[in-house]
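Have a look at the structure below, then the notes.
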Amino acid sequence: ENNVIVTETPQPGPLSGLTVCVDPGHGGYDGGARCRDSGVWEKVLNLSVALQTEKALQHLGASVVMTRREDIDLCTPDRPAHLTKKRQDMQNRIALAKENQVNMVLSIHMNEYRVRAESGPQVFYRAGCEGGRLLAGSIQEALIRQLQPKKQRAAMAGDYFILQLDV
């Protein structure tokens, strides 16, 4: 697809040889959460953070596969009737990661909580995946250290659809 770009590794680094799929959550018809203060949709913030993440990973030597680079979803007009738009979008994101034989998937979301005291960054990983748990914990610690949120969450196992990808 023309929106998906596999980047070449710009320089050698500690992540050389790894291919990472960066998935800016939501997109197109699916806006995700909407910020009460600014009215900005989650899909916009996810894409902005994902593009910055892509650059950081490339700088460290990784090849990066992006599931989207603009405000689109991964649905097709001829979607089978038994598939919801959301299910097809998620299946296509997973298929893209598998086709490119990625080593890991980073799916980026900006959730909004009804109670602001509950807000803060949180990283999820697939239950039972030790490597995912370790990576999620490291990312969670870095987010807390850099952002210094009021609510300091811990990385958690989750059963979200994208986490079912076995990479």
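The values are calculated or read from the model by the stated rules, or taken from the named source; none is laboratory data. Being a predicted model, the structure only gives us computed values, none of them experimental. With ideal geometry, Cβ positions are generated from the backbone for all residues, glycine too; neighbour counts draw on all protein chains shown. Please note that ligands, DNA and RNA were not included when accessible areas were found on the heavy atoms of the full protein model with its side chains. Shrake-Rupley method; radii C 1.70, N 1.55, O 1.52, S 1.80 Å.
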- Mind checking which residues of the range 96-153 are farther than 24 Å from Arg34 by Cα and among the basic types (Lys, Arg)? Lys98, Arg126, Arg133, Arg145
- Message: Go through the range 34-47 and report how many residues are assigned to a loop (DSSP other than H, G, I, E, B), open to solvent by 30 Å² or more (accessible area, probe 1.4 Å) and of a type outside the set (S, T, N, Q).
- Response: 4
- Complete set of residues in the range 114-148 that are open to solvent by less than 80 Å² (accessible area, probe 1.4 Å), at pLDDT below 85 and more than 20 Å from Tyr160 (Cβ to Cβ): Ala117
- Conditions (1) under 20 Å from Gln164 (Cα atoms); (2) surrounded by fewer than 20 Cβ atoms within 10 Å (Cβ to Cβ): number failed by Asp89: (2)
- Return the pairs, sorted by first residue and then second, in which the second residue is open to solvent by less than 40 Å² (accessible area, probe 1.4 Å), the first residue lies in the range 102-115 and is of a type in the set (Asp, Glu), the beta carbons are less than 6 Å apart, and the residues are 6+ apart or on different chains. Glu112/Ala33
- Note on the structure: Given the conditions (1) in contact with a helix residue (DSSP H, G or I) (Cβ under 6 Å, 6 or more places away or on another chain); (2) at pLDDT 90 or above; (3) more than 17 Å from Gln164 (Cα to Cα), every one holds for Tyr29 apart from (1)
- Query: Across the range 48-83, what is the number of residues that are open to solvent by 80 Å² or more (accessible area, probe 1.4 Å) and not charged (D, E, K, R)?
  - Reply: 5
- Note on the structure: Those residues of the range 24-33 which are part of a strand (DSSP E or B) and either open to solvent by less than 20 Å² (accessible area, probe 1.4 Å) or small (Gly, Ala, Ser) (or both) amount to Pro24, Gly27
- Query: Which pairs do you get when a residue that is among the acidic types (Asp, Glu) and open to solvent by less than 60 Å² (accessible area, probe 1.4 Å), found in the range 12-23, comes within reach of a residue that is at pLDDT 90 or above and not in a strand (DSSP E or B), reach meaning Cβ atoms under 6 angstrom, with the pair 6+ apart or on two chains?
  - Reply: Asp23/Thr67; Asp23/Arg93
- Message: Suppose we filter the range 92-106 for residues that are touching an Asp or Glu at 6+ places or on another chain (Cβ under 8 Å) and either surrounded by fewer than 16 Cβ atoms within 10 Å (Cβ to Cβ) or assigned to a strand (DSSP E or B) (or both); how many remain?
- Response: 2
